[in-house]
Amino acid sequence: MSLRARLARPIEATDDEPTQVRGGERGQAAHRASYFSEEFLELKARVQRSLLERDSNLENLDRDQLKAQLVSLMAEERGISLIERDNLVNVLTDEIKGFGPIQPLLDDPEITEVMVNGPDKVFVERFGKVELTPITFRDEQHLRNVVEKML
């Protein structure tokens, strides 16, 4: 499925507890974002619609170009702090061009393996030890979308 088709799909909130997602640059402390809150999902849908209206050539954008467009779009949003905007841009970039909530894990040089055993069970191997992460997918369909993107 193309990037344009994935972005055009409606986003549905679930009744699950809000989940924390790790992000940030390599070697830095992770930031946290309420990834599945109704407000985030609404904001994400608005930004994605605006992105689709603004650029018809999304598949050819690299991560930096996408981030620049997202920063521009997020500047139009009111009631969001600069830190929240930065976090949301990172989450959206990972969702659109990366592998969603597990992208920060894949970018972490300390992690040697990422194991996904369902939407709410993501493990990593770090320094030879396996540990459960707080990372989850919205639901089974969200996980399937990321797996489809990987394939």
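Of Glu38, Glu125, the residue with the largest accessible area leads and the full order is Glu38, Glu125 (1.4 Å probe).
What residues of region 72-96 lie in the reach of a label at Glu148, counting those whose backbone N is under 15 Å from a point 7 Å from the Cα along Cα→Cβ? The answer is 96, whose backbone nitrogens lie closer than 15 Å to the label point. FRET efficiency for the Ala75 to Leu106 pair, using the beta carbon distance and R₀ = 35 Å, is estimated at 0.80. Judged by the gyration tensor of its Cα atoms, with axes a ≥ b ≥ c, region 75-141 is prolate; a/c meets the 1.5 cut and a/b is the larger of a/b and b/c.
The values are calculated or read from the model by the stated rules, or taken from the named source; none is laboratory data. None of the values given here were measured: they were computed from a predicted structure. All Cβ positions, even for glycine, are placed from backbone atoms using ideal geometry, and neighbour counts span all protein chains on display. Side chains included, ligands, DNA and RNA excluded: accessible areas come from the protein's heavy atoms. Shrake-Rupley method; radii C 1.70, N 1.55, O 1.52, S 1.80 Å.
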